[in-house]
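Beneath this line is the structure, given in structure tokens, with notes to follow.
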Amino acid sequence: MGSEPVHLEPTGSWHGRAPGRVNLIGEHVDYLGGVVLPAAVDRHTDVTGHAAREWSVESDIEGGLAYVRCVGEEVGAPPQAVRVSSDVPPGAGISSSAALLVATAAGLRPDMGGLEAALTCQRAEQRATGVQVGVMDQFASALGRRGHALLLDCATLDYKLVPFPSELLIAVIDSGEHRSLADTPYNQRRREAEAGEPKRRRHVDSEIARVYAFVEALHRRDFDRLGNLLKESHQSLRDDFEVSTPKVDELVEKAWAVEGCYGARIMGAGFGGSILALVERGREQALVAAVGRPVIICATADGAFAGARAD
Ligand code: GLA
């Protein structure tokens, strides 16, 4: 891996496109070999490029160069001049970084398998940022499937598609507390959990149990149960894993109180960022009015490498 020549189109230019992601449940367990339930969503990053003397990125969003260069180096590509356009908001919890990484990989190496792409992009993100991220975000952006969430076992990397009910809307609400992962205690939390620190372990064990319970409740279409599991997940992330903030807690509580909102929780790495809420279709305006923050209503989408799998 990493030494294959890059396959360029005859014109020498290439294009890749990849979605952002949400995580329904299973937070801060991917890097411990736990199970997670993310979905790719209908916000995308497009990357075009061509070989050049040195790596460069043209984008409305700053900071993409290290990501693009690290993916390129991981796949053995020579330097590229890259242009990025994206409707995945940065720093807001739907993984603009995974979308950028996976779009670049898809453009440079469209022949790669989705799993290989996810692992390549995870390594690239770790190198670009120094943050020891798990594989969840890149996996969802590469292999997500419209109409589904992915039940991913991060120990074996086996996954199953779990149908996502069309009556439920996924709302991502921006807390306004934006952060770069490298400036958070993400690596520290990972070390504490790996060392078996009791509160951190309690979160991990209870969160993994909640992922399985959530999948069962999805099959039964028990939406109240889904909502309660989101609430429990938030409490565990707040009290045991300690990755929430007072502002995020306040936002989550506002969402909990909205009629038609089944539940909500902090999503992604935390320390600010966004919250996820599941809302009954048709009730989303009440949520928007109640939280007083920008809300993105997302639908599930195909990952950049979703076509590669036969099922
Ligand atoms: C970030 C990381 C993921 C995962 C989540 C927390 O999004 O990139 O690998 O660890 O945080 O669940």
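Give VAL133, VAL162, VAL215 a once-over and let me know the one that is within 14 Å of the ligand (Cβ to nearest atom) and either assigned to a helix (DSSP H, G or I) or in contact (Cβ under 8 Å) with a residue 60 or more places away in the chain (or both).
Result of the check over VAL133, VAL162, VAL215: VAL133.
Of the conditions (1) within 16 Å of the ligand (Cβ to nearest atom); (2) free of Cβ contacts under 8 Å to residues at least 60 places away in the same chain; (3) open to solvent by 10 Å² or more (accessible area, probe 1.4 Å); (4) of a type in the set (A, V, I, L, M), ALA128 satisfies every one except a single condition; which number is it?
(2)
Hey, among GLY147, GLY91, which residue is at positive phi, within 13 Å of the ligand (Cβ to nearest atom), surrounded by fewer than 23 Cβ atoms within 10 Å (Cβ to Cβ) and of a type outside the set (Phe, Trp, Tyr)?
Exactly one residue qualifies, and that residue is GLY91.
Please list, ordered by first then second residue, the pairs with beta carbon atoms under 9 Å, 6 or more apart or interchain, first in segment 23-40 and free of Cβ contacts under 8 Å to residues at least 60 places away in the same chain and of a type in the set (A, V, I, L, M), second more than 7 Å from the ligand (Cβ to nearest atom) and open to solvent by 10 Å² or more (accessible area, probe 1.4 Å).
Correct list of pairs: empty, since none qualify.
Go through LEU287, LEU276, LEU226 for me and flag whichever is of a type outside the set (Gly, Ala, Ser), within 16 Å of the ligand (Cβ to nearest atom) and within 27 Å of GLU177 (Cα to Cα).
After ruling out the rest, the residue left standing is LEU276.
In segment 114-125, which residue that is within 19 Å of GLY268 (Cα to Cα) and either away from the ligand (no atom under 13 Å from the Cβ) or of a type outside the set (A, V, I, L, M, F, W, C) (or both) is least open to solvent (accessible area, probe 1.4 Å)?
Across segment 114-125, the extreme among qualifying residues is GLU125.
Against the condition under 12 Å from the mean Cα position of the chain (by Cα) and either surrounded by fewer than 22 Cβ atoms within 10 Å (Cβ to Cβ) or in a helix (DSSP H, G or I) (or both), how does ASP111 come out, does it pass? Quick ask: steps written out before the conclusion?
Values: under 12 Å from the mean Cα position of the chain (by Cα): no; either surrounded by fewer than 22 Cβ atoms within 10 Å (Cβ to Cβ) or in a helix (DSSP H, G or I) (or both): yes.
No.
Out of all the residues in segment 154-170, which are closer than 21 Å to ALA117 by Cβ and under 15 Å from the mean Cα position of the chain (by Cα)?
Passing the criteria: only CYS154.
The values are calculated or read from the model by the stated rules, or taken from the named source; none is laboratory data. Remember, predicted model here, so these are calculated numbers, not experimental data. Using ideal geometry, Cβ is built from the backbone for each residue, glycine included, and neighbour counts are taken over all protein chains shown. Only protein heavy atoms, including side chains, enter the accessible area calculation; ligands, DNA and RNA are left aside. Shrake-Rupley method; radii C 1.70, N 1.55, O 1.52, S 1.80 Å.
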